[in-house]
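The structure appears right after this line, and notes come after that.
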Amino acid sequence: MESKWSDVEASAFVSKHSERWGEDLALRAYSSRLLGAESALVLHGGGNTSVKGTVTNALGEAVDAVFVKGSGFDLAAIGPGGHTALDLGYLKKLATLSDLPDEKMLDELLVHRLDPRAAPPSIEAMLHALIPLKYVDHTHADAILALTNRPDGEAAVAEALGGDVAVLGYVRPGFGLAREAARACAASPGRLGLVLIKHGLVTWGESARESYERTVSLVTKAEEWLRARRASRRAGPGRGGGRATPPQPGASAGAGTDRTGGVARGGTASEEAARVEVSHTPYELARGRYIEVAPVLRGALAIPSGDEDRPYLRFILTPLISDEILKIVDSDRGKKICLTPPLTSDHLIRTKALPLWIDDPGYGSAEKAAACIPEAVADYAKEYDEYFRRNSARTPQGVGRFDSMPRVILMPGLGAVCAGKDAREAGVVRDITEHTLRIKAEVFESGTYEGLDEEHLFDMEYFSLQHRKLDAGGDPPLGRTVAVVTGAAGAIGSGICEGLLDNGCHVAVTDLPGPRLDSYGAELAKRYGERAAVIPMDVTDRRSVASAMDAAVETWGGVDLLVANAGIAHVAELLEIDPKDFRRVQSVNVEGTLHVLSEAAKHFKLQGTGGDVVVISTKNVFCPGAGFGAYSATKAAAHQLARIASLELAPIGVRVNMVSPDAVFGEGERKSGLWAEVGPSRMRARGLDEKGLEEYYRDRNLLKARVTASHVANAVLFFATRRTPTTGATIPVDGGLPDSTPR
Ligand code: ZN
């Protein structure tokens, strides 16, 4: 590892921030970002930093302060205001107590902020306060954990880092660790830092650069030791250390654009598997297996809620598949490597103490997978329940019990699957798991891995201060939900996508491939991040629909909601209509609806946790208009298909409903395609311009209402959030048109 310190960047940081925050805090933020940018040092909000200085109070007195990273700030993006000032003199006095319970310590830290509006400080704030040097950097560096997580961890640290550091055996984070760390620091003057066994590294210095570069140099030494150890241990050929990591599937907008043939589809699973076996790399095979088993796994992980309307608490899944991970998981000792405790207790609240390992998930046989996977998950849950029972007497007051489901699931030939309440959380688990497996494999190469014992694991999993990081309010109305929206780049489709995304849903934004879809996808990605994914789909092509569903599964593990919105219009009287045009409209409006309904139904069955379908119908189904035969007839057929689906899918807990809008023009760039087609002839017929036509339709309804895409989205949300036990029903969104009220 190399120091990324740049005097030019540092002074740019200082000139930008020193007027408001002072030079010390500006440099504190700069070197914190250097740490945060290095995933081998810090992952997702992990690690914390501090600097000591003074704060001038209202009396004009300079009060000694320690500025500690605020809880929830990510070092990679922290600014000078991300460090919370605490009354250092008071904290030093606190340290003279023989003990201070966690909750009390946190209260003291909150009360002794020197700015009451600053974020709560990191739970490791006391450690920073009690180390007497100006700058302190604390990371859970990969290479350091690769030294400490062994039965002979202290010896490995001594051998790798020599006398440069003090070493402290495992102490649970909190007041006790802060005091022990301060003692170890005082007892070994002149050292560059402190290694915390099975936890991480602390370095210090009189300048930001000194403390940062001490982290870098100690980590580099650890890496060198590991490299040398690996080289001397490596026996025989065939053990290359290659780290080729193909791009993560489905992680970005555009997922699913090139998916032909990678996935078992059509024919029997075993025939497909046999074909796939001969023509694909282990990575591609693993990806195909993931798409095959993910819905079953997601169904098995879903926790029954006891609420009939929303019967399951689901997880969002993300795969971790790369050549490196496959090599680890598929190695002789893959299972042994994977079924060990986490590297550092910081990861526990994300990953749980242990992952689930499934020896045989039943690849190639839906029947076998449907039996094996739920059984493995149930066994894990049973073991977790027993682990909780064994240790529950030590659960601190006010700390709720976690569910019994695993967050990391490992399968030979597939890699890892990571679970979280949303894509972001699942992504955090994925990144932690990737580093974890890499380091564990590294340790196994050069010795024996040893993590924390059960008691310590439990104490950290149920550590009240850690829990505060987790629950900031409950799930949004459509949290933990995945939707597929067709015709998403149009006026109504985009309104629906945004309505769903605003309510916490993960949305596969599907439409015909092209710049219109891409630019809309890019816009959504900016606003909603990884909860929106562009997936091209042609609803008239069954294979395209199937592979778009697969792409949604690949991205989030499954699908819970289908909004069938894609549709086209054509204006011609029956007398003149060209059968070719009629077939074109029919192929999108009828067959397209049939394809998405069928593929979604197949998926819902596999997943086994019910589901929802909302079909966007039209006022024309109930009250058709002259010259509009192709549209009205084909939409009526689609509407009827939806009603049939409500009958057929009710037994598996799927609700199918319809929304019937009228005269949604759309706005700005996303004008309604329907109106682009219909508008000109309607305007001609009535001698109106565009504005006049809008007025005309507005005037036609009882409420004189202008109907917008977000009104349609609200009706979709009503069904999607399952406010009433309703299926097979239609909500009109038309301002009141007595002739077209569904009967
Ligand atoms: Zn730590």
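The values are calculated or read from the model by the stated rules, or taken from the named source; none is laboratory data. From a predicted model like this one, the values you see are computed outputs, not experimental measurements. A quick note on method: Cβ atoms are made from the backbone with ideal geometry, for glycine too, and the neighbour counts reach across all protein chains shown.
Contact map, the stretch 570-590: first residue under 15 Å from His639 (Cα atoms), second residue part of a loop (DSSP other than H, G, I, E, B) and of a type in the set (Gly, Ala, Ser), Cβ cut-off under 9 Å, separation 6 or more or different chains; pairs are Val585/Gly567; Val585/Ala569; Val588/Gly487; Val588/Ala566; Val588/Gly567; Asn589/Ala566; Asn589/Gly567; Asn589/Ala569.
Determine whether the stretch 26-36 contains at least one residue that is of a type in the set (Gly, Ala, Ser) and either free of Cβ contacts under 8 Å to residues at least 12 places away in the same chain or surrounded by fewer than 20 Cβ atoms within 10 Å (Cβ to Cβ) (or both). Before you say what the answer is, go through the steps one by one.
The initial filter retains those residues of the stretch 26-36 that are of a type in the set (Gly, Ala, Ser), namely 26, 29, 31-32, 36.
With the extra rule that they be either free of Cβ contacts under 8 Å to residues at least 12 places away in the same chain or surrounded by fewer than 20 Cβ atoms within 10 Å (Cβ to Cβ) (or both), the set shrinks to none.
Checked the stretch 26-36: no residue is of a type in the set (Gly, Ala, Ser) and either free of Cβ contacts under 8 Å to residues at least 12 places away in the same chain or surrounded by fewer than 20 Cβ atoms within 10 Å (Cβ to Cβ) (or both).
Give, as residue ranges, the strands (runs of 3 or more DSSP E) completely inside the stretch 27-106 that count at least 2 residues that are out of contact with any Lys or Arg (no Cβ under 7 Å at 6 or more places or on another chain), over 19 Å from Thr344 (Cβ atoms) and away from the ligand (no atom under 15 Å from the Cβ). Outline the logic, then answer.
Values: elements: 48-56, 62-69, 83-87.
Ranges flagged: 48-56, 62-69.
Being part of a helix (DSSP H, G or I), over 13 Å from Gly53 (Cβ atoms) and within 12 Å of the ligand (Cβ to nearest atom) is the filter here; which residues of the stretch 127-144 pass it? Within the stretch 127-144, Leu127, Ile144 qualify.
Number of residues in the stretch 169-186 that are under 16 Å from Met460 (Cβ atoms), buried (at least 19 other Cβ atoms within 10 Å of the Cβ) and more than 12 Å from the ligand (Cβ to nearest atom) equals 1. With respect to being in contact with a Gly (Cβ under 6 Å, 6 or more places away or on another chain), over 30 Å from Ala626 (Cα atoms) and part of a helix (DSSP H, G or I), Ala551 fits the description. Only one entry of Arg407, Arg394, Arg401, Arg350 meets the criterion of being charged (D, E, K, R), within 16 Å of the ligand (Cβ to nearest atom) and in contact with a helix residue (DSSP H, G or I) (Cβ under 8 Å, 6 or more places away or on another chain), and that entry is Arg350.
Every condition in (1) within 29 Å of Leu320 (Cα to Cα); (2) touching an Asp or Glu at 6+ places or on another chain (Cβ under 9 Å) is met by Gly493 except one, and the failing one is (1).
Could you say which residue among Glu159, Glu154, Glu206 is farther than 17 Å from Thr448 by Cα and not polar (S, T, N, Q)? Full working, then the answer.
On the way: Glu159 fails: farther than 17 Å from Thr448 by Cα; Glu154 fails: farther than 17 Å from Thr448 by Cα.
Going through Glu159, Glu154, Glu206 in turn, just one is farther than 17 Å from Thr448 by Cα and not polar (S, T, N, Q): Glu206.
Among the residues of the stretch 322-330, are any assigned to a loop (DSSP other than H, G, I, E, B), free of Cβ contacts under 8 Å to residues at least 40 places away in the same chain and not small (Gly, Ala, Ser)? So far as the stretch 322-330 goes, no, none of its residues is assigned to a loop (DSSP other than H, G, I, E, B), free of Cβ contacts under 8 Å to residues at least 40 places away in the same chain and not small (Gly, Ala, Ser).
Take Thr344 and decide whether it is touching a His at 6+ places or on another chain (Cβ under 8 Å) and either within 16 Å of the ligand (Cβ to nearest atom) or under 15 Å from Gly299 (Cα atoms) (or both). Judged against the criteria, Thr344 is a match.
Please state which one of Gly625, Gly629 is touching a Leu at 6+ places or on another chain (Cβ under 6 Å) and over 19 Å from Ala713 (Cα atoms).
On the way: Gly625 fails: touching a Leu at 6+ places or on another chain (Cβ under 6 Å).
Going through Gly625, Gly629 in turn, just one is touching a Leu at 6+ places or on another chain (Cβ under 6 Å) and over 19 Å from Ala713 (Cα atoms): Gly629.
Summed over the stretch 107-126, residues that are under 20 Å from Ala181 (Cα atoms) and in a helix (DSSP H, G or I) total 4. Does Arg722 qualify as being of a type in the set (Lys, Arg), closer than 30 Å to Ile652 by Cα and at pLDDT 95 or above? The answer is yes for Arg722.
Scan Arg179, Arg172, Arg233, Arg209 and give me the residue that is in contact with a helix residue (DSSP H, G or I) (Cβ under 8 Å, 6 or more places away or on another chain), under 23 Å from Asp74 (Cα atoms), modelled with pLDDT under 95 and among the charged types (D, E, K, R).
Arg172
Could you tell me whether Thr486 is surrounded by 24 or more Cβ atoms within 10 Å (Cβ to Cβ), out of contact with any Lys or Arg (no Cβ under 6 Å at 6 or more places or on another chain) and more than 30 Å from Arg233 (Cα to Cα)? Yes. I need the full set of residues from the stretch 111-126 which are within 15 Å of the ligand (Cβ to nearest atom) and out of contact with any Lys or Arg (no Cβ under 6 Å at 6 or more places or on another chain), in order please. Correct list: Pro121, Ile123, Glu124, Ala125, Met126. When we screen Asp107, Asp99 for residues that are surrounded by fewer than 18 Cβ atoms within 10 Å (Cβ to Cβ) and either within 34 Å of the chain's Cα centre (by Cα) or hydroxyl-bearing (Ser, Thr, Tyr) (or both), the only hit is Asp107. Taking Ala186, is it part of a loop (DSSP other than H, G, I, E, B) and under 22 Å from Phe67 (Cβ atoms)? It is false that Ala186 is part of a loop (DSSP other than H, G, I, E, B) and under 22 Å from Phe67 (Cβ atoms). Scoring Val482 on the criteria (1) modelled with pLDDT of 95 or more; (2) out of contact with any His (no Cβ under 6 Å at 6 or more places or on another chain) leaves a single failure, condition (2).
Here is the figure for the stretch 489-520: residues that are farther than 21 Å from Thr708 by Cα and in a helix (DSSP H, G or I) total 3.
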